[in-house]
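Okay, so here's the structure we're looking at.
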Amino acid sequence: MRDGILNHTGETLPSTLEGRIVRLVDRFAYINHDIDDAVRASILDPDLLPAGPVRLLGDTSSRRIDALVHDLVETSAQAGDIVQSPAHDAALKELRTFMFDHVYLGPDARTESARAGGMVRDIFDHYLAREGDPVAVTDWVAGMTDRYALRVHETLAA
């Protein structure tokens, strides 16, 4: 499992069967959970998801994950290896591409990224003026969670 966690993204493929399973099911989960999060945040209309993957996998995250896991188990058993069917692999890739185009790198994400960057700059500048040590301030800001940074920024604006 450690192999899958360490190599769940990037070019290096996990070297163990368990690692390869973790890598795939992690992708199943994060894409579908990101879809749910984007719908809840009103960033994404679920009716705009690509029709092909929805037809094959289902119209809810739980149905899509279930379809992907069942396909993984069945296809892997037949192949004697950890693999997806070409159709399910293509559907997952199409959902991933859609999410990059419409959510991860879409206009809302760019706006939020610019806003977040401005907040970080405000926090950094404020504490640099008080502390005078750019390395210490950088380390402190880098260790902030999103929620903590929002709270700190709110106190600066007050």
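Here are a few things to note about the model shown:
- Failed condition for residue 87, given (1) in contact with a Leu (Cβ under 7 Å, 6 or more places away or on another chain); (2) at pLDDT 95 or above; (3) in a helix (DSSP H, G or I); (4) surrounded by 17 or more Cβ atoms within 10 Å (Cβ to Cβ): (4)
- Residue 94 vs. criteria within 25 Å of residue 45 (Cβ to Cβ) and either surrounded by 10 or more Cβ atoms within 10 Å (Cβ to Cβ) or without any contact (Cβ under 8 Å) to a residue 40 or more places away in the chain (or both): yes
For every residue, the table says whether it meets (1) under 28 Å from residue 22 (Cα atoms); (2) more than 19 Å from the chain's Cα centre (by Cα); (3) among the small types (Gly, Ala, Ser).
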residue: 87; (1), (2), (3): yes, yes, yes
residue: 96; (1), (2), (3): yes, no, no
residue: 104; (1), (2), (3): yes, no, no
residue: 107; (1), (2), (3): no, no, no
residue: 110; (1), (2), (3): no, no, no
residue: 119; (1), (2), (3): no, yes, no
residue: 132; (1), (2), (3): no, yes, yes
residue: 143; (1), (2), (3): yes, yes, yes
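- Flag if residue 111 is in a helix (DSSP H, G or I), exposed (fewer than 13 other Cβ atoms within 10 Å of the Cβ), modelled with pLDDT under 95 and hydroxyl-bearing (Ser, Thr, Tyr): yes
- Residue list for the stretch 20-69, filter: under 22 Å from residue 106 (Cβ atoms) and either outside the structural domain of residue 101 (by TED's automatic domain parsing) or of a type in the set (Asp, Glu) (or both): 34, 36, 37, 45, 47, 59
- Matching entry among 81, 66, 71 (being modelled with pLDDT of 90 or more, more than 17 Å from the chain's Cα centre (by Cα), acidic (Asp, Glu) and in a loop (DSSP other than H, G, I, E, B)): 81
- Scanning the stretch 148-155 turns up no residue that is aromatic (Phe, Trp, Tyr), closer than 28 Å to residue 26 by Cα and assigned by TED's automatic domain parsing to the domain that holds residue 32.
- Residue match in the stretch 136-147 (condition: of a type in the set (Phe, Trp, Tyr) and either in contact with a Cys (Cβ under 7 Å, 6 or more places away or on another chain) or touching a residue at least 40 places away in the same chain (Cβ under 8 Å) (or both)): no
- Exactly one residue among 10, 4 is at pLDDT below 80 and crowded, with 20+ Cβ neighbours inside 10 Å, and that residue is 4.
The values are calculated or read from the model by the stated rules, or taken from the named source; none is laboratory data. Since the structure is predicted, the reported quantities are computational estimates derived from the model, not experimental observations. Note that we place each Cβ from the backbone using ideal geometry, even for glycine, and neighbour counts take in every protein chain shown.
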